[in-house]
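Rule-based calculations on the coordinates, nothing more; no lab input. Note that this is a predicted model, so its numbers are computed, not measured. So basically every Cβ, Gly included, is an ideal-geometry build from the backbone, and we count neighbours across all protein chains shown.
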């Protein structure tokens, strides 16, 4: 069962100890699960697996932050994490939904962005912190994953999933998904 609890979540505070070798392995296993909506990405690529903890009695807790609070795939992600960990001998696993700090598209790894582009999905534009506390740089162009042109047009704010928009390249005329930025 997935629960919405930030307080009970394992190792979410910045001052928490670094993960043990076993916890790092648990993170690797949980992160290896493919995203149910974007199977070309692992949960690690997407940056949604936040922490793992193994208790002395053998119980395992995984902290999972969905891409947005209404994400319909969170239960499937939790089930898949529990299945993978059970296959590796960790049968008592709880997956907790952690909403703070919230997930942003900056949590997608460089490898995840590469995989999105390789699959014909324009990755979200990086946001990141503003330089020297100044204004946030704004980039409006969405690059076509097929030909690289920045001359693209929005066809629909929503595509196959709520986190993607449908765009078309003006240069090559190919439609493509764009993973929307969430900062």
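Indicate the gyration tensor shape class of the range 3-103 (rounded, prolate or oblate), computed on the Cα atoms with a ≥ b ≥ c the square roots of the eigenvalues: a/c under 1.5 is rounded; otherwise a/b larger than b/c is prolate and the rest oblate. Oblate shape, in that a/c is at least 1.5 and b/c is the bigger or equal ratio. In a fully extended conformation the segment linking residue 182 and residue 158 would gain 7.2 nm over its present Cα-Cα distance, using 0.36 nm per residue. Using R0 = 30 Å, the C-beta based FRET efficiency linking residue 146 and residue 68 works out to 0.65. Multiplying the residue separation of residue 24 and residue 75 by 0.36 nm and subtracting their alpha-carbon distance yields 16.1 nm.
Distance from the Cα centre of the range 139-183 to that of the range 27-46, in angstrom? Going from one Cα centre to the other spans 23 Å. A full extension of the chain between residue 172 and residue 104 corresponds to an added length of 21.5 nm, given 0.36 nm per residue minus the alpha carbon distance.
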